[in-house]
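Read the structure below first, then the notes.
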Amino acid sequence: MSNERLAEAGISVDIDGVVATLTLDRPEVRNAQHPRMWAAMADVLESLDASVRIVVVRGAGGTFSAGLDLALLDPAKRAEEGSLVATLSKSDQEIIDTIGEYQRPFALLSDPRFISIAVVEGHAIGAGFQLALCCDLRIVAEDARLCMKEPALGLVPDLVGTKPLVEAVGYARALEICATARFVTGVEAGELGIAQTVVPAADLEAALTASIGALTAHSQGAVQGTKALLQQAPLRTLDEQRLAERTAQVARFRELAVAFGLA
């Protein structure tokens, strides 16, 4: 996808070696999201070269994302592309299929090919919070403010954020955060396990650099295989996971055999 088309969708992409940085680039509206942006994000993630090991997701202008572009909920703008008001007249299945398309980039962030990192400063509201949750790891500024806003708008979170939130904080706390639509600070996000690294906003770049260095220090195949094992562990019995571990190890042994000159 050309830089011009990416700009029209409100994102920019920079690939530096094994690191791809995807930036929400609509700072004039605090990086509010819309379907055109989601489609472009999905296209970018699906087209990444196999050499990319880290995908960084962040926002321009000092904030991550204010969430859904509220113009999409304006009845006066129902003729505009992506209007959610226009979606209300569709059949149930059409609505389900449409949201399924919107969910694509959020789901792709869990791809075992790479490790995704959200760098969160300012606000991560609604779709912004869900986008951060869908990344494997989160580096969050102490003064950031995160919020699952959807229930306050008469909606449910539908951009793949509910599962990672429950996995991070447990059912009861996830329910409390969502049902009240309250703000979670960066500091609390760290305490709850939503954020893996919490630093002053001025230290975000240093923290990101350190994380990338640590996450790319070891074999790409070993890290990818380990991520896949960890992702599937909750869905398997112990015996199933044991089998998955030893099966995955075969590929590692084969790679080591080549490295040692034994194959």
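Computed from the coordinates by the stated procedures, all read-outs in this text should not be read as laboratory data. These numbers were taken from a predicted model, which means no experiment stands behind them. Please note: Cβ atoms are built from the backbone with ideal geometry, for glycine as well, and neighbour counts cover all protein chains shown.
Key figures
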item	result
Calculated SAXS-style log₁₀ I(q)/I(0) at q = 0.18, 0.20, 0.22 Å⁻¹ - region 26-161, Debye, Cα scatterers	-1.04, -1.25, -1.44
Cα gyration tensor category, rounded, prolate or oblate, for region 220-259 with a/c compared to 1.5	oblate
Spin-label proximity, residue 88 to region 126-162 - amide N less than 19 Å from point 7 Å beyond Cα toward beta carbon	150-158
Dipole magnitude of the chain about its Cα centre (Cβ charges: Lys, Arg +1; Asp, Glu -1), debye to nearest 20	560
Set of lysines near residue 77 by C-alpha distance (under 30 Å), chain-local residues within fewer than 8 positions excluded	90, 149
Square roots of five times the Cα gyration tensor eigenvalues for the chain, Å	32, 21, 20
Karplus (6.51, -1.76, 1.60) ³J(HN,Hα), θ = phi - 60°, over region 166-183, in Hz, Gly and Pro reported as x	4, 5, 7, 10, x, 4, 4, 5, 4, 4, 4, 5, 6, 5, 8, 6, 7, 8
Rg ratio (alpha-carbon, reference 2.2 N^0.38 Å) - region 115-214	1.01
Mean projected area in nm² (Cα convex hull; one quarter of hull surface) for region 102-161	4.1
Within the chain, helix-based [θ] at 222 nm, where runs of 4 or more DSSP H residues each add -39,500 (n - 2.57), nearest 500	-13000 deg cm²/dmol
Separation in nanometres of the label points that stand 7 Å from Cα toward Cβ, at residue 171 and residue 239	2.7
Estimated vicinal HN-Hα couplings, Hz - region 61-73 in sequence order (Karplus 6.51, -1.76, 1.60; Gly, Pro = x)	x, x, 9, 6, 6, 7, x, 5, 5, 5, 5, 5, 9
Cα centroid separation, region 160-194 to region 196-226 (Å)	22
